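The block underneath contains the structure these notes are about, expressed in structure tokens.
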Amino acid sequence: MTTVLTSALDVSDLRIDYRVAGDWLTAIRGVTFTVKPGESFGLVGESGCGKSTIAMAAMRYLPRNGRISGGSILVAGRDLRSMGEDELRRLRIKEVSMVYQNPGSALNPALRIDEQVGEAFQLLGASKTEARSRAAEALRRVQIADPARVMRRYPHQLSGGMQQRVVIAMALASLPALLILDEPTTGLDATVEAEVLDLINQLRFETGTSVLFISHNLAVIRKMCDRVGVLYAGRLVEEGPSEELFTDPRHPYTVGLLRCLPQRGVTKDRGALDTIPGFLPPIGAIPSGCVFADRCGLVQEVCRTDEPILYEVSSTRVSRCHFHQDAPSLPRAVPAAGTGVKPDHSIKLVDIDGVSKTFHQDGHPVYAVVDVNLDIAEGETLALVGESGSGKSTLARLVLGLSAPDKGSVIELEGEKLAPSIDVRPEEQVRAVQIVFQNPDSALNRRHTIKRIIGRTMTKLLRVSPAERDKRMAELLASVRVGSQYLTVRPRNLSGGLKQRIAIARAFAGDPKLVVCDEPTSALDVSVQAAILNLLARLQADKGVAYLFISHDLGVVRYLADRVAVLYLGRLMEVGSAEQVFGGPNHPYTEALLSASAEVEEDTRIRLHGEIPSAANPPPGCVFNTRCPRKIGEICETREPPLAEMEPGHSIRCHIPLEELRQMQSSH
Amino acid sequence: MTAAAPAPVIVSPDETRKKQVRLLFRSPSFLTGLFLVGIWVVCAIFGSWLAPYDPAGSASDILSKNLPPSAAHWFGTDQLGRDVLSRTIAGARSILIIAPAATLLGTVLGTALGLITGYFRGLVDDVVSRIIDAFLSIPLVITGLIALTALGPSTIGVIVVIGMVFTPVIARTVRAAVLAERELEYVAAARLRREGGWHIMFVEILPNVMGPVLVEFTVRLGYAIFTTATLSFLGFGVEPSTPDWGLAIFQHYALLNAGIWWSVLFPALAIASLVVGVNLIADSVAAVFEQ
């Protein structure tokens, strides 16, 4: 191309409608932004804000009930709206590529990797053999160590991170002018996410392609993007260089979003998280004033009558707020006070002693949990962290009695042995241990009303009369801040946050002593997550319940946990108080997990490479030795280190002495 | 991800069912099917008033037998001189009792069996599923014929046999749906308050698999009509004097060679229109309830 382009993507005054039950409702209104050549532009906002809609429109991939009803989209200087099918196809081959959230469904399960990646090159005019060799090259470029081996595989034989690399390799086949990434790492583990994000950054540097990066994750956007646009209810409310926008946000929505994230140094006893009150307006609702007015702490009369223009905050930044100068002083939506309760670790509630779980798969043993020793004190939160496949959820199921541990495992509650199966536990113990599941959509029976879900649980667990049940139900719903008008409603008519409150209420219906929380906020938006974390912290302080809290989000763990246990391949690698684990020194695996969380600066982190080994065939010696960045030698491959108490309450399973670990980890 | 708004809109609890029903009534194929089936339902209920002649009344004189369609007899008369139109109208009754009753029986038994095998899995599932497989490998009509020969033909017999033959097919569909449902966490939540297996199957899981069950019912109903007609064609249906479409075809198809087509064509068209009507309904129900 001889002409110099001024933009890779130019969206101007874009309007997109969806047809819902026969009516066209406006989902995106007057959105304007530009992605310059070589630039990485981020779109953030909570679910339902229209991020993915814009991404789809930029490929002209809107679903059949969607239409672009105004404005223009220029990709590499060419107007997408006036293109015919053939021209669009050529554009999608050459100029613009997209990577979706779920690589598993983006790849064709029936085609081997060489055929799929090769196809991308064949479309560009390469012969079959040439395409194959270029595919291998492309895989090498996305840092797949052994392309020849990977190319013979089918997608399901690859891990999620590997699949996403393959998708990225295909997307970059044509060296597109624009690469659209729609939540590319959302389904991946933090360690893998960190690797994939590094890769994207490096490829961007190498190829000079422009990126439109869509994510709900503010930390990821901050790390990956030069400029950011914040979407709210289909409107672009703020736009600017990412560093400036995140350190000095000038729209109350951006300010609110950032405040919802747990901050370093703030824990549940010391402060509550701020939230954004209210709900996103339904699609198609066009308020007369500012879209955010109903939820804004700075709202004035003028906000309800006049929609603000995009005010220039500086030469590079705009904000759609009448009071953008005041945005940083947005008043808190909830009081800042924390629970003020610090649990006493000496009163032991649960004792997990030598617990193992071996599954049998086609006659082969799979060691999901291996000899775990842990205890949980009354009223404290023990967090379980580790990548997927580390045995966190299995351990939780053993405690709940949903599956039975191996012989010789002992789990005690208040000194009494817990029967291996829920079916034979005495009522008292059934009541005492309950759970809040990750996804309230599948955890609540969608054909039952809220009243039935909670009422039935109370009747079964507490054996109370209907009158007593109704009284308790009203109190319980009030304690999770759900109005009684929702009693006759079925779950699908509730928002995600309300559903999770109901799930929490159900877990608390029988006055439990221990509640397992299995990723309770990972399916929720940040503003809803903040409210749920506040609720969990307050319920714990009020009722003295202990939590076994499973999470991959270390920010959340830091906020809520009193103690942290790190699992890898079913083994406990480190356990200690939250201060000890977050302060270090750490087991190298914990160190890797900590540095994978996106807040850490680039130069100070260590990266895990490769994949978590199969639990059916764990490596000999220390199970982490195959991926350990701090491996010291042969001893790691031959002898499994013991879990040794390195300082009071802080145990690490590593051959490296504590002082050496401290030195290694403070040197960067 | 679509742009669904997570606002807590309170809608009446049965909003989704209402929406599905509304969608159904907007679908042209559903309305066409409903019209076709509706005609035959009206005939089945009010047949004796609608029929221009007595469907059972045979003519005494030989001249009024096998008359071609005319103004007096729109569909002609059959070999006994009975009005084919009247017998076609009256014939709707037997088939519209037998087919739905048999399908209902098959659906109830199949759903129960599907729930049990899908929920318990293990040995129960293995044994029952293999029996089902064996059962399904024999052609349906053959199974029916063998059973009816053993039982002796009767209306109840036909209903039971068709119902039993459908049971494994429906059980298989329901089992697949249950296998997906039982892994959902609301089932674990029910176990955690110590609900028994029967409660979990019939109170927790069953309402969530009603979509596939309903779809299966409508699809099977089409087959049931066809099977009922086939069985009476083969002489294993209702008593020989009752007006019945399959029976009428059986009694008259030998006359086709003689150019007497009307006493076969009209009952055949009746069967075809009812099956097409039911299948149109089944397709639209499947489209709405299986997303």
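For segment B:82-179, please list each of the helices (runs of 4 or more DSSP H) lying entirely inside it that holds at least 2 residues being of a type in the set (Asp, Glu) and at pLDDT below 90. Before you say what the answer is, go through the steps one by one.
On the way: elements: B:84-120, B:122-136, B:140-151.
So the answer is B:122-136.
For the subset of segment A:405-429 comprising residues that are under 32 Å from the mean Cα position of the chain (by Cα) and at the interface with chain B (Cβ under 10 Å from one of its Cβ atoms), which member is surrounded by the fewest Cβ atoms within 10 Å (Cβ to Cβ)?
Once the filter is applied, the top-ranked residue is A:Ser421.
In the set A:Val228, A:Val266, which member is β-branched (Val, Ile, Thr), closer than 26 Å to A:Val11 by Cβ and away from every other protein chain (no Cβ under 14 Å)?
Working: A:Val266 fails: closer than 26 Å to A:Val11 by Cβ.
When all the criteria are applied, what remains is A:Val228.
When the residues of segment A:265-320 are filtered to those that are crowded, with 16+ Cβ neighbours inside 10 Å and polar (S, T, N, Q), which remaining residue is nearest to A:Leu554 (Cα to Cα)?
A:Thr267
If B:Thr242 passes every condition in (1) in contact with a Leu (Cβ under 6 Å, 6 or more places away or on another chain); (2) outside any helix (DSSP H, G or I) but one, which one does it miss?
Of the numbered conditions (1) in contact with a Leu (Cβ under 6 Å, 6 or more places away or on another chain); (2) outside any helix (DSSP H, G or I), the odd one out for B:Thr242 is (1).
Output the number of residues of segment A:360-396 satisfying the condition of being more than 14 Å from A:Ala546 (Cα to Cα), charged (D, E, K, R) and surrounded by 21 or more Cβ atoms within 10 Å (Cβ to Cβ).
Going through segment A:360-396, the residues more than 14 Å from A:Ala546 (Cα to Cα) turn out to be A:360-373, A:385-395.
Cutting the leftovers down to charged (D, E, K, R) gives us A:362, A:371, A:387, A:392.
Narrowing further to those that are surrounded by 21 or more Cβ atoms within 10 Å (Cβ to Cβ): A:387, A:392.
Going through segment A:360-396 one residue at a time, the tally reaches 2.
What residue, of A:Thr267, A:Thr275, A:Thr305, A:Thr316, is farther than 30 Å from A:Asn65 by Cα, in contact with a Phe, Trp or Tyr (Cβ under 9 Å, 6 or more places away or on another chain) and among the polar types (S, T, N, Q)? Talk me through it step by step, then tell me what you get.
Numbers: A:Thr275 fails: in contact with a Phe, Trp or Tyr (Cβ under 9 Å, 6 or more places away or on another chain); A:Thr305 fails: in contact with a Phe, Trp or Tyr (Cβ under 9 Å, 6 or more places away or on another chain); A:Thr316 fails: in contact with a Phe, Trp or Tyr (Cβ under 9 Å, 6 or more places away or on another chain).
The match here is A:Thr267.
I'd like to check which helices (runs of 4 or more DSSP H) are fully inside segment A:117-218 and have at least 3 residues that are free of Cβ contacts under 8 Å to residues at least 24 places away in the same chain.
Details: elements: A:128-141, A:147-151, A:160-171, A:190-207.
Result: A:128-141, A:147-151, A:190-207.
If you check B:Glu239 against the conditions, is it away from chain A (no Cβ under 14 Å), surrounded by fewer than 20 Cβ atoms within 10 Å (Cβ to Cβ) and of a type in the set (D, E, K, R)? So that I can check it myself, show each step before the final result.
Working: away from chain A (no Cβ under 14 Å): yes; surrounded by fewer than 20 Cβ atoms within 10 Å (Cβ to Cβ): yes; of a type in the set (D, E, K, R): yes.
For B:Glu239, the condition - away from chain A (no Cβ under 14 Å), surrounded by fewer than 20 Cβ atoms within 10 Å (Cβ to Cβ) and of a type in the set (D, E, K, R) - is met.
Here is a check on your reading of the model: is B:Ser58 more than 23 Å from the chain's Cα centre (by Cα), within 29 Å of B:Gly211 (Cα to Cα) and modelled with pLDDT under 80? Step through it out loud before you land on a result.
Values: more than 23 Å from the chain's Cα centre (by Cα): yes; within 29 Å of B:Gly211 (Cα to Cα): no; modelled with pLDDT under 80: yes.
Taking the combined requirement at face value, the residue does not satisfy it.
Kindly provide the set of residues from segment A:401-433 that are of a type outside the set (Gly, Ala, Ser), in contact (Cβ under 8 Å) with a residue 60 or more places away in the chain and touching a strand residue (DSSP E or B) at 6+ places or on another chain (Cβ under 8 Å), ordered by number.
A:Ile411, A:Glu412, A:Leu413, A:Glu414, A:Val433 - these are the residues of segment A:401-433 that are of a type outside the set (Gly, Ala, Ser), in contact (Cβ under 8 Å) with a residue 60 or more places away in the chain and touching a strand residue (DSSP E or B) at 6+ places or on another chain (Cβ under 8 Å).
Examine segment B:215-232 for a residue that is in a helix (DSSP H, G or I), free of Cβ contacts under 8 Å to residues at least 24 places away in the same chain and not polar (S, T, N, Q), and state whether such a residue exists.
No, there is no match, as no residue in segment B:215-232 is in a helix (DSSP H, G or I), free of Cβ contacts under 8 Å to residues at least 24 places away in the same chain and not polar (S, T, N, Q).
A quick yes/no check of all residues on (1) part of a helix (DSSP H, G or I); (2) within 11 Å of another protein chain (Cβ to nearest Cβ); (3) over 23 Å from A:Ala541 (Cα atoms):
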site	(1), (2), (3)
A:Arg431	yes, yes, no
A:His448	no, yes, yes
A:Met458	yes, yes, no
A:Lys471	yes, no, no
A:Leu477	yes, no, no
A:Val482	no, yes, no
A:Thr488	no, yes, yes
A:Ala503	yes, yes, no
A:Asp511	no, no, no
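Residues of segment A:237-271 being free of Cβ contacts under 8 Å to residues at least 60 places away in the same chain and of a type in the set (S, T, N, Q), which ones? First the steps, then the outcome.
We begin by selecting, within segment A:237-271, every residue free of Cβ contacts under 8 Å to residues at least 60 places away in the same chain; these are A:243, A:246-247, A:253, A:258, A:263, A:265.
Listed by number, the residues that qualify are A:Thr247, A:Gln263.
Using the structure shown, decide if A:Ser97 is at pLDDT 90 or above and small (Gly, Ala, Ser).
On the way: at pLDDT 90 or above: yes; small (Gly, Ala, Ser): yes.
So A:Ser97 fits the description; yes.
Filter segment A:468-519 down to residues that are of a type in the set (Asp, Glu) and in contact (Cβ under 8 Å) with a residue 40 or more places away in the chain and give me whichever is surrounded by the most Cβ atoms within 10 Å (Cβ to Cβ). First the steps, then the outcome.
Taking segment A:468-519 and keeping what is of a type in the set (Asp, Glu), we get A:468, A:470, A:475, A:511, A:518-519.
Then drop every residue that is not in contact (Cβ under 8 Å) with a residue 40 or more places away in the chain, which leaves A:511, A:518-519.
Details: A:Asp511: 15, A:Asp518: 22, A:Glu519: 19.
Here the answer is A:Asp518.
With the condition kept exactly as written, say whether any residue in segment A:73-88 is hydroxyl-bearing (Ser, Thr, Tyr), touching a strand residue (DSSP E or B) at 6+ places or on another chain (Cβ under 8 Å) and more than 12 Å from chain B (Cβ to nearest Cβ). Give the steps one after another, and end with the answer.
Taking segment A:73-88 first, the residues hydroxyl-bearing (Ser, Thr, Tyr) are A:82.
Subset that is touching a strand residue (DSSP E or B) at 6+ places or on another chain (Cβ under 8 Å): none.
There is no residue in segment A:73-88 that is hydroxyl-bearing (Ser, Thr, Tyr), touching a strand residue (DSSP E or B) at 6+ places or on another chain (Cβ under 8 Å) and more than 12 Å from chain B (Cβ to nearest Cβ).
Matching residues to (1) in the same structural domain as A:Arg264 (by TED's automatic domain parsing); (2) modelled with pLDDT under 90; (3) more than 24 Å from A:Gly389 (Cβ to Cβ); (4) outside any loop (DSSP other than H, G, I, E, B):
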| site | (1), (2), (3), (4) |
| --- | --- |
| A:Glu579 | no, no, yes, yes |
| A:Thr590 | no, no, no, yes |
| A:Ala616 | no, yes, no, no |
| A:Pro619 | no, no, no, no |
| A:Pro641 | no, no, no, no |
| A:Ser651 | no, no, no, yes |
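Has segment B:208-231 got any residue that is within 30 Å of B:Gln20 (Cα to Cα), small (Gly, Ala, Ser) and within 14 Å of chain A (Cβ to nearest Cβ)?
yes
Looking at A:Leu462, A:Leu398, A:Leu382 in this structure, which one is touching a Lys or Arg at 6+ places or on another chain (Cβ under 7 Å), in contact (Cβ under 8 Å) with a residue 40 or more places away in the chain and within 14 Å of chain B (Cβ to nearest Cβ)? Even if it seems obvious, please write down each step before you answer.
Working: A:Leu462 fails: touching a Lys or Arg at 6+ places or on another chain (Cβ under 7 Å); A:Leu382 fails: within 14 Å of chain B (Cβ to nearest Cβ).
Among A:Leu462, A:Leu398, A:Leu382, only A:Leu398 is touching a Lys or Arg at 6+ places or on another chain (Cβ under 7 Å), in contact (Cβ under 8 Å) with a residue 40 or more places away in the chain and within 14 Å of chain B (Cβ to nearest Cβ).
Of everything in segment A:22-43, what is buried (at least 16 other Cβ atoms within 10 Å of the Cβ) and within 14 Å of chain B (Cβ to nearest Cβ)? Give them in sequence order. Outline the logic, then answer.
Step one: of segment A:22-43, the residues buried (at least 16 other Cβ atoms within 10 Å of the Cβ) are A:25-37, A:39-43.
If the condition is that a residue be buried (at least 16 other Cβ atoms within 10 Å of the Cβ) and within 14 Å of chain B (Cβ to nearest Cβ), then A:Leu25, A:Thr26, A:Ala27, A:Ile28, A:Arg29, A:Val31, A:Leu43 are the ones that fit.
What is the number of the single condition among (1) farther than 22 Å from B:Phe202 by Cα; (2) in a helix (DSSP H, G or I) that A:Asp423 does not meet?
Result: A:Asp423 passes all but (1).
Give the residue, chosen from A:Ala467, A:Ala404, that is part of a helix (DSSP H, G or I) and among the small types (Gly, Ala, Ser). Write out each step before concluding.
Details: A:Ala404 fails: part of a helix (DSSP H, G or I).
Testing whether each residue is part of a helix (DSSP H, G or I) and among the small types (Gly, Ala, Ser) leaves just A:Ala467.
For the condition assigned to a helix (DSSP H, G or I) and away from every other protein chain (no Cβ under 14 Å), what is the one hit in B:Leu36, B:Leu67, B:Leu23? Steps first, answer last, please.
On the way: B:Leu67 fails: assigned to a helix (DSSP H, G or I); B:Leu23 fails: away from every other protein chain (no Cβ under 14 Å).
Selected residue: B:Leu36, the only one of B:Leu36, B:Leu67, B:Leu23 that is assigned to a helix (DSSP H, G or I) and away from every other protein chain (no Cβ under 14 Å).
Being under 19 Å from A:Leu461 (Cα atoms) and part of a loop (DSSP other than H, G, I, E, B), is that true of even one residue in segment A:518-541?
So far as segment A:518-541 goes, no, none of its residues is under 19 Å from A:Leu461 (Cα atoms) and part of a loop (DSSP other than H, G, I, E, B).
Being hydrophobic (A, V, I, L, M, F, W, C) and surrounded by 15 or more Cβ atoms within 10 Å (Cβ to Cβ) is the filter here; which residues of segment A:192-206 pass it?
Going through segment A:192-206, the residues hydrophobic (A, V, I, L, M, F, W, C) turn out to be A:192, A:194, A:196-197, A:199-200, A:203, A:205.
Within segment A:192-206, A:Val192, A:Ala194, A:Val196, A:Leu197, A:Leu199, A:Ile200, A:Leu203 qualify.
The values are calculated or read from the model by the stated rules, or taken from the named source; none is laboratory data. These numbers were taken from a predicted model, which means no experiment stands behind them. FYI the Cβ positions are ideal-geometry reconstructions off the backbone, even for glycines, and counts take in every protein chain you see.
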